[in-house]
Amino acid sequence: MKGIRTITLDLDDTLWPIHPVIVRAEQALYAWLAEHYPKITVRYAERDLLQLRLDVVSEFPDKSHDFTFMRRTVLARVAEAVGYSADYVDAAMAIFMAHRNDVEMFPEVRPALEQLGRRYKVVAVTNGNASLDHIGIRELFDGVVSASSAGAAKPDQQIFDVAVGIGGAEPHETLHVGDHPECDVDGASKAGLRTAWVNRNGTEWPDHLQRPDVIVRDMGELLERLGAGA
């Protein structure tokens, strides 16, 4: 862990659990559609909307990294299919994003980010569309790279290259921290970064992947391994 100058940091399931957040956001959006655009929910069940998103991914493989594009496209198509104008898409996305950004961080995360920021440049690297401004932690990051802004999603090297450029250090001086063995650890390692796997659930490491430089149970243990709390 010597020689690290920049921390690149995954968001979803590394800093907060994402599955319950997305479930609530989907439910809130569907309830809003039922109230304001009921012809959509009469024709389409929630599972139908998911299938339509998968269809959009197949139709636009070059946009598969952009979750916002996929969701907006589906909302526009279902509206037009039942006779509504697609002008409502911005309002619908605002409902979804308000709930998507209503996250509960793991308890050690904010103190860990504050301490990391005193010693390193910290850059968020996410395949998702979380808004750090709305969550209230943007000031704890020196930069943010999303799949949509980088034009590629983890584990593609392109998104890591963008993050390294923002961090200002060399790849071997950059530690990528994340929960996903392939998207975070394997992708970052192949891009030349050093890697830390946040393994909160005691999961076995996949044997077919190169092991991370360090395995920690949470962000607090990462601080200990880096000595950043001193």
Please determine, by comparing only the residues of the stretch 116-141 that are hydroxyl-bearing (S, T, Y) and under 26 Å from S64 (Cα atoms), which one is surrounded by the fewest Cβ atoms within 10 Å (Cβ to Cβ). S131
For the list (1) surrounded by fewer than 19 Cβ atoms within 10 Å (Cβ to Cβ); (2) over 14 Å from the mean Cα position of the chain (by Cα); (3) farther than 23 Å from F60 by Cβ, I need the number of the one condition that P181 fails. (1)
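When the residues of the stretch 133-154 are narrowed to those that are assigned to a loop (DSSP other than H, G, I, E, B) and of a type in the set (D, E, K, R), which ends up nearest to S189 (Cα to Cα)?
Taking the stretch 133-154 first, the residues assigned to a loop (DSSP other than H, G, I, E, B) are 136-137, 141-142, 151-154.
If we keep only those that are of a type in the set (D, E, K, R) as well, we get 142, 154.
On the way: D142: 22, K154: 11 Å.
Once the filter is applied, the top-ranked residue is K154.
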Could you identify the single residue in A91, A147, A124 that is among the small types (G, A, S), more than 13 Å from the chain's Cα centre (by Cα) and closer than 23 Å to R24 by Cβ? A91
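So which residues in the stretch 169-227 are assigned to a loop (DSSP other than H, G, I, E, B) and among the polar types (S, T, N, Q)?
Let us first name the residues in the stretch 169-227 that are assigned to a loop (DSSP other than H, G, I, E, B), namely 169-170, 179-180, 191-193, 199-213, 217-218, 227.
N199, N201, T203, Q210 - these are the residues of the stretch 169-227 that are assigned to a loop (DSSP other than H, G, I, E, B) and among the polar types (S, T, N, Q).
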Is it the case that some residue within the stretch 200-214 is crowded, with 16+ Cβ neighbours inside 10 Å and within 13 Å of F106 (Cβ to Cβ)? no
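Which residues, taken from the stretch 33-47, are within 22 Å of D90 (Cβ to Cβ) and not in a loop (DSSP other than H, G, I, E, B)? Walk me through how you get there before you give the answer.
Of all residues in the stretch 33-47, those within 22 Å of D90 (Cβ to Cβ) come to 33-41, 43-44, 46.
The answer is L33, A34, E35, H36, P38, K39, I40, T41, R43, E46.
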Given L29, L50, L113, which one is within 25 Å of T126 (Cα to Cα) and surrounded by fewer than 17 Cβ atoms within 10 Å (Cβ to Cβ)? L50
Here are some conditions: (1) touching a residue at least 12 places away in the same chain (Cβ under 8 Å); (2) part of a loop (DSSP other than H, G, I, E, B); (3) of a type outside the set (F, W, Y). P107 meets all but one. Which one does it not meet? (1)
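Values in this text are rule-based calculations from the coordinates and carry no lab data. All values reported here derive from a predicted model rather than from experimental measurement. Virtual Cβ from ideal backbone geometry, glycine too; neighbours counted across all protein chains shown.
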